[in-house]
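Below: one structure, written as C-alpha cells.
The values are calculated or read from the model by the stated rules, or taken from the named source; none is laboratory data. All figures in this text were calculated on a predicted structure; none of them were measured in a lab. Note that we place each Cβ from the backbone using ideal geometry, even for glycine, and neighbour counts take in every protein chain shown. Just the protein is used for accessible areas: all its heavy atoms, side chains included, with ligands, DNA and RNA removed. Shrake-Rupley method; radii C 1.70, N 1.55, O 1.52, S 1.80 Å.
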Amino acid sequence: GAGVSQTPSNKVTEKGKYVELRCDPISGHTALYWYRQSLGQGPEFLIYFQGTGAADDSGLPNDRFFAVRPEGSVSTLKIQRTERGDSAVYLCASSLGHSNTEAFFGQGTRLTVV
Amino acid sequence: QKEVEQDPGPLSVPEGAIVSLNCTYSNSAFQYFMWYRQYSRKGPELLMYTYSSGNKEDGRFTAQVDKSSKYISLFIRDSQPSDSATYLCAMKSGGYQKVTFGTGTKLQVIP
C-alpha cells in the first residue's frame, strides 16, 4: 500500500479481554515501531523491530503487552487482560532502515477498554 | 522530570503571524531533533529534522537547535489556517531508534 495501514481503526473491548492490533508497514520498510498516545500526550515508544526481530522492547509497560513481526512485514501488537488504563491510540510507524530518521506513521488504532 | 518538555498550549494566532514553538530537553545524548505535525485523529507526519546544532529552513518552516542550552524551536512564517494542528517535537540519540516525543503544542491559526 501507499502508506502505513493499521487495523482496526477503532476497537472497544471489555476489561480483562485480549486484543490484537495489526500494522501493515510501507512495502520495503525494514524498521517498524509501535507507539502509544494517550489523550493530550505525545506518542510514547513501545517497541522497535528491525526485520523480524524486536531490537528494542524497552517501552513495553509490562508483560501483558507483546508484539510480533514473524515475516518481517506485518506486525501485531497483542494486549492480554486489558485494563482501562490501556485505553489510548496505538500508533505504528515504519522506516527504510535503522539509519533513516524519517518514520511514516499510520493513523492509529483507538483502543477503548470499558 | 520529563526528558522533553513542551508547552501544550493551546496557542492561537491570527493568519499571517509568525509562530514560535519550543521544546527543552534534559538528555545531552540526543543528537537528532524532529518536528512532527499531527492533525486531529491522524498520525504524526514529519515536518523537519535536524542533526546536532544549527538551523534548517524549508519553505515557511525554520527549525533551530541549540544543544548548549538544550533548546529547540520551530518557526512558522506567514501562518495559514491549514497550519492549525498539534506540533510535536521529538528527539533521539545516535545509534538508538527510540524516539522521545514532547507532549505537543496545539496551534490554531484564525482567518
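Return the long-range amide H neighbours of A:Ile47 (sequence gap of 5 or more, or a different chain), with a cut-off of under 5 Å between placed amide H atoms.
Answer set, sorted by chain and number: A:Trp34.
Ordering A:Phe65, B:Phe75, B:Phe61 by how much accessible area each has at a 1.4 Å probe, largest first, what is the list? Don't jump to the answer; show the numbers that get you there.
Working: A:Phe65 10, B:Phe75 60, B:Phe61 30 Å².
Reading off the accessible areas and sorting them downward yields B:Phe75, B:Phe61, A:Phe65.
Check the straight Cα-Cα distances from A:Lys15 and name the lysines below 24 Å, setting aside those fewer than 8 residues away within the same chain.
Cross-link targets: A:Lys78.
Can you give the average number of partner chain beta-carbon atoms within 10 Å of each beta-carbon in peptide A:39-47, as a whole number? Could the numbers behind the result be given before it?
Values: counts 0, 5, 6, 17, 11, 3, 7, 1, 2.
Rounded to a whole number, the mean comes out at 6.
Given a cut-off of under 8 Å on Cα pairs at least six residues apart, what relative contact order in percent is computed for chain A? Could you put the intermediate results ahead of the total?
Working: 295 pairs, mean separation 41.5, N = 114.
Relative contact order, chain A: 36 percent.
Please give the average number of partner chain Cβ atoms lying within 10 Å of the Cβ of each residue in B:43-52, rounded to a whole number.
Working: counts 16, 10, 3, 7, 0, 0, 2, 1, 1, 0.
Average neighbour count from other chains, rounded to a whole number: 4.
Assigning unit charges at the beta carbon (Lys, Arg +1; Asp, Glu -1) and nothing else, what dipole magnitude in debye, to the nearest 20, does chain A show about its Cα centre?
Working: 11 positive and 11 negative charges, 84 e Å.
Using only the charged Cβ atoms, the result is roughly 400 debye.
Across the residues of B:91-102, average count of Cβ atoms on other protein chains within 10 Å?
Counting other chains' Cβ atoms within 10 Å and averaging over B:91-102 gives 5.
Under the classification rounded if a/c is under 1.5, otherwise prolate if a/b is larger than b/c and oblate if not, where does region A:29-70 fall, given a ≥ b ≥ c as square roots of the Cα gyration tensor eigenvalues?
Verdict is oblate for region A:29-70.
For region B:101-107, just list the computed ³J(HN,Hα) in residue order, Karplus coefficients 6.51, -1.76 and 1.60, θ = phi - 60°, integers in Hz, with x standing in for Gly and Pro.
9, x, 6, x, 10, 7, 10
About its Cα centre, what dipole magnitude does region A:1-60 give when the only charges are +1 on Lys and Arg Cβ and -1 on Asp and Glu Cβ, stated in debye to the nearest 20? Let's see the in-between values first.
Numbers: 5 positive and 6 negative charges, 45 e Å.
It works out to roughly 220 debye.
With springs only between Cα atoms under 10 Å apart, run a GNM on chain A and tell me which of A:Gly28, A:Gly72, A:Gly51 wobbles the most.
Sorting by GNM fluctuation, first place goes to A:Gly28.
Picking from B:Ala63, B:Ala90, B:Ala29, which is most flexible by a Gaussian network model of chain B using Cα springs under 10 Å?
Of B:Ala63, B:Ala90, B:Ala29, the Gaussian network model singles out B:Ala29 as fluctuating most.
Quick one: putting +1 on the C-beta of Lys and Arg, -1 on the C-beta of Asp and Glu, what dipole do you get for chain B around its Cα centre, in Debye to the nearest 20? Working shown, then result.
Values: 12 positive and 10 negative charges, 67 e Å.
The dipole magnitude comes to about 320 debye.
Provide A:Glu44, A:Glu14 ordered by accessible surface of protein heavy atoms (probe 1.4 Å), highest first.
Details: A:Glu44 85, A:Glu14 110 Å².
So, going from the largest accessible area down, we get A:Glu14, A:Glu44.
What list of ³J(HN,Hα) couplings, whole Hz, do you get for region A:4-13 from phi and the Karplus terms 6.51, -1.76, 1.60, once you set θ to phi - 60° and write x for glycine and proline?
Using θ = phi - 60°, the values come out as 6, 10, 10, 9, x, 7, 9, 9, 10, 9 Hz.
Given a 1.4 Å probe and heavy atoms of the protein chains only, how would you sort B:Lys56, B:Lys92, largest accessible area at the top? The partial results should precede the final answer.
Working: B:Lys56 85, B:Lys92 15 Å².
If we order B:Lys56, B:Lys92 from most to least accessible, we get B:Lys56, B:Lys92.
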